[in-house]
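Step one of this worksheet: look at the structure below.
The values are calculated or read from the model by the stated rules, or taken from the named source; none is laboratory data. On a predicted model such as this, the values are computed, not experimentally measured, just so you know. Note that we place each Cβ from the backbone using ideal geometry, even for glycine, and neighbour counts take in every protein chain shown. These accessible areas exclude ligands, DNA and RNA; they are computed on the full protein's heavy atoms, side chains included. Shrake-Rupley method; radii C 1.70, N 1.55, O 1.52, S 1.80 Å.
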Amino acid sequence: DQQVKQNSPSLSVQEGRISILNCDYTNSMFDYFLWYKKYPAEGPTFLISISSIKDKNEDGRFTVFLNKSAKHLSLHIVPSQPGDSAVYFCAASAQKAGNNRKLIWGLGTSLAVNP
Amino acid sequence: KAGVTQTPRYLIKTRGQQVTLSCSPISGHRSVSWYQQTPGQGLQFLFEYFSETQRNKGNFPGRFSGRQFSNSRSEMNVSTLELGDSALYLCASSRQPQGGGYTFGSGTRLTVV
């Protein structure tokens, strides 16, 4: 059972336009969310995160929005650039006993930004 | 500073064999996590080590095991390999086992034939 779902396996946008990547989760205990970007033959790299006490976090061209009531978060990239073409993973975690956390990952969305 | 180093980058093994993968974390990072990535299953958490102790474990059979050494380097072992074990195995390190902000290595591509 996928607790973190990225329902769009792929997305294609034009350079300069906005890219919106979506992520839904089912576990209401998740309180920390992250986005990672992965290029082929490389490991994922951390992009941006958001805590459940916020509904928005911005870092340059990247903004993550969190809607707790809908259990939904989205990553906005504005403006999109060809170098943004990669697979984007959404991940979530919840505080567990003993201060442990475990990241639960979505399956990823492959973004293609066309020049 | 040097990133997370995984060796080897590529590996081909036959069914029934065993394999050991190595991960050297970023200097100063004491937490090391291992993930299996396959096209249909995305990133699946295997286990996390911190200060030589396993802190978290995913839902993988006992054929998958790991350990961490005093210098924070970690190894992952898979015994009695199956075709379905073919995947990209990723290692990630962080200063603390916080469940986020990890730095990943480039992975080891394991092919079981």
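General remarks:
- Filtered by the rule that a residue be over 13 Å from A:Ile20 (Cα atoms) and not aliphatic (A, V, I, L, M), region A:66-80 gives A:Asn67, A:Lys68, A:Ser69, A:Lys71.
Per-residue answers, yes or no, for (1) more than 24 Å from A:Cys23 (Cβ to Cβ); (2) in contact with an Asp or Glu (Cβ under 8 Å, 6 or more places away or on another chain); (3) outside any loop (DSSP other than H, G, I, E, B); (4) at pLDDT 95 or above:
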{"position": "B:Leu46", "(1), (2), (3), (4)": "no, no, yes, no"}
{"position": "B:Tyr49", "(1), (2), (3), (4)": "yes, no, yes, no"}
{"position": "B:Arg67", "(1), (2), (3), (4)": "yes, yes, yes, yes"}
{"position": "B:Thr80", "(1), (2), (3), (4)": "yes, no, no, yes"}
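- Residue match in region B:85-92 (condition: closer than 22 Å to A:Ala94 by Cα, modelled with pLDDT under 95 and over 13 Å from the mean Cα position of the chain (by Cα)): no
- Scanning region A:44-51 finds one or more residues that are assigned to a loop (DSSP other than H, G, I, E, B) and under 18 Å from B:Ser33 (Cα atoms).
- Selection count, region A:13-23, where residues are part of a strand (DSSP E or B) and open to solvent by 80 Å² or more (accessible area, probe 1.4 Å): 1
- Each residue in region B:14-43 was checked for being open to solvent by 50 Å² or more (accessible area, probe 1.4 Å) and closer than 16 Å to B:Thr108 by Cβ, and 3 of them qualify.
- Picking from residues in region A:35-69 that are open to solvent by 60 Å² or more (accessible area, probe 1.4 Å) and within 11 Å of chain B (Cβ to nearest Cβ), the one that is nearest to the chain's Cα centre (by Cα) is A:Phe46.
- Qualifying residues in region B:59-111 (those that are hydrophobic (A, V, I, L, M, F, W, C) and under 21 Å from B:Ile26 (Cβ atoms)) - the one nearest to the other protein chains (Cβ to nearest Cβ): B:Phe104
- Residue list for region B:23-44, filter: out of contact with any Lys or Arg (no Cβ under 9 Å at 6 or more places or on another chain) and assigned to a loop (DSSP other than H, G, I, E, B): B:Pro39, B:Gly40, B:Gln41
- In summary, A:His72 fulfils each of the numbered conditions (1) open to solvent by 30 Å² or more (accessible area, probe 1.4 Å); (2) more than 10 Å from chain B (Cβ to nearest Cβ); (3) under 15 Å from the mean Cα position of the chain (by Cα); (4) closer than 24 Å to B:Thr103 by Cα with the single exception of condition (4).
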